[in-house]
Amino acid sequence: MSAPSTGNGGARDILAARWLYRALTVLVAIVMFAMMSLTTLDVAGRALFSRPIKGAFEINTFLLAILIFSSLPLITWDDKHITVSLFEQWIPAPVRWALSVLLSALSTAVVAGITHRMWIQGRLMAEGQHITGFLEWPIAPIAYFMSVLSGLTTVILIVLTWHKLTGRQGRYAGRGGAGTEYPGAD
């Protein structure tokens, strides 16, 4: 049985987008909590018992990579990247629109390039069997994970660029804009 269409996409697409958005949000929260807990326990162990957690730096490095690349799709989805609008008041609306579409397309190309290069880097690390210095964990899975999430960000940027180009702003844009819906909204 097919889900009813909602105009800009099927109900199934919206449900899948909401679940993906929520899953990424939960992942970011868990990783941030893990980093905070690990750092606190490492400092406390070092200060109180002269026994730091072995490999805490490497674990935090992995967690930081996961945090950054898990947050990137969410920030992109919500269209909440840091922008400077110093001269925006003097730029005519059609030019602002064209610049917005151009910057979105350029961002898509850059993130797609990052995705491609991270995948290659993961492959090279897997072939070379690169591991961390202390814990001897393989590094390739993190590079692949970063590439996949960067790829997800690329897909989101393609959708956002298309929506900017066609004037359909708001379907998957963030909470902030007028008339926007975000995937986590009920």
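The values are calculated or read from the model by the stated rules, or taken from the named source; none is laboratory data. Only a predicted model underlies this, so the values are computations on that prediction, with no experimental measurement involved. Ideal geometry is used to build each Cβ from the backbone, glycine not excepted, and the neighbour counts take in all protein chains shown.
Determine whether Val101 is surrounded by 14 or more Cβ atoms within 10 Å (Cβ to Cβ), within 27 Å of Tyr21 (Cα to Cα), touching a residue at least 60 places away in the same chain (Cβ under 8 Å) and in contact with a helix residue (DSSP H, G or I) (Cβ under 7 Å, 6 or more places away or on another chain).
Yes: the conditions hold for Val101.
Just need a number here: residues in segment 115-129 that are closer than 17 Å to Phe62 by Cα and loosely packed, with under 15 Cβ neighbours inside 10 Å.
So the answer is 1.
Quick one: is Phe62 of a type outside the set (Lys, Arg) and assigned to a helix (DSSP H, G or I)?
It is true that Phe62 is of a type outside the set (Lys, Arg) and assigned to a helix (DSSP H, G or I).
Name the single residue, out of those in segment 70-90 being touching a helix residue (DSSP H, G or I) at 6+ places or on another chain (Cβ under 8 Å) and part of a helix (DSSP H, G or I), that is modelled with the lowest pLDDT.
So the residue we want is Glu88.
Among the residues of segment 21-41, are any more than 16 Å from Leu152 (Cα to Cα), surrounded by 13 or more Cβ atoms within 10 Å (Cβ to Cβ), in contact (Cβ under 8 Å) with a residue 60 or more places away in the chain and not polar (S, T, N, Q)?
no
Restrict the check to segment 103-115 and report whether at least one residue is of a type outside the set (Phe, Trp, Tyr) and either on the phi > 0 side of the Ramachandran plot or at pLDDT below 95 (or both).
The answer is yes; a qualifying residue exists.
For the condition under 25 Å from Thr132 (Cα atoms), of a type outside the set (Ser, Thr, Tyr) and either touching a residue at least 60 places away in the same chain (Cβ under 8 Å) or surrounded by 12 or more Cβ atoms within 10 Å (Cβ to Cβ) (or both), what is the one hit in Ile14, Ile53?
Only one candidate qualifies: Ile53.
Right, Phe33: in contact with a helix residue (DSSP H, G or I) (Cβ under 9 Å, 6 or more places away or on another chain) and either closer than 20 Å to Asp78 by Cα or among the aromatic types (Phe, Trp, Tyr) (or both) or not?
Against the criterion (in contact with a helix residue (DSSP H, G or I) (Cβ under 9 Å, 6 or more places away or on another chain) and either closer than 20 Å to Asp78 by Cα or among the aromatic types (Phe, Trp, Tyr) (or both)), Phe33 does not qualify.
Could you tell me which numbered condition Ser107 fails, if it satisfies all but one of (1) out of contact with any Leu (no Cβ under 6 Å at 6 or more places or on another chain); (2) among the small types (Gly, Ala, Ser); (3) assigned to a helix (DSSP H, G or I)?
Only one criterion is unmet by Ser107, namely (1).
Restricting the search to segment 117-131, which residues are under 24 Å from the mean Cα position of the chain (by Cα) and either free of Cβ contacts under 8 Å to residues at least 12 places away in the same chain or within 16 Å of Gly55 (Cα to Cα) (or both)?
Arg117, Ile120, Leu124
Mind telling me which of the residues Leu67, Leu149, Leu63 ends up being touching a helix residue (DSSP H, G or I) at 6+ places or on another chain (Cβ under 7 Å) and touching a residue at least 40 places away in the same chain (Cβ under 8 Å)?
The match here is Leu149.
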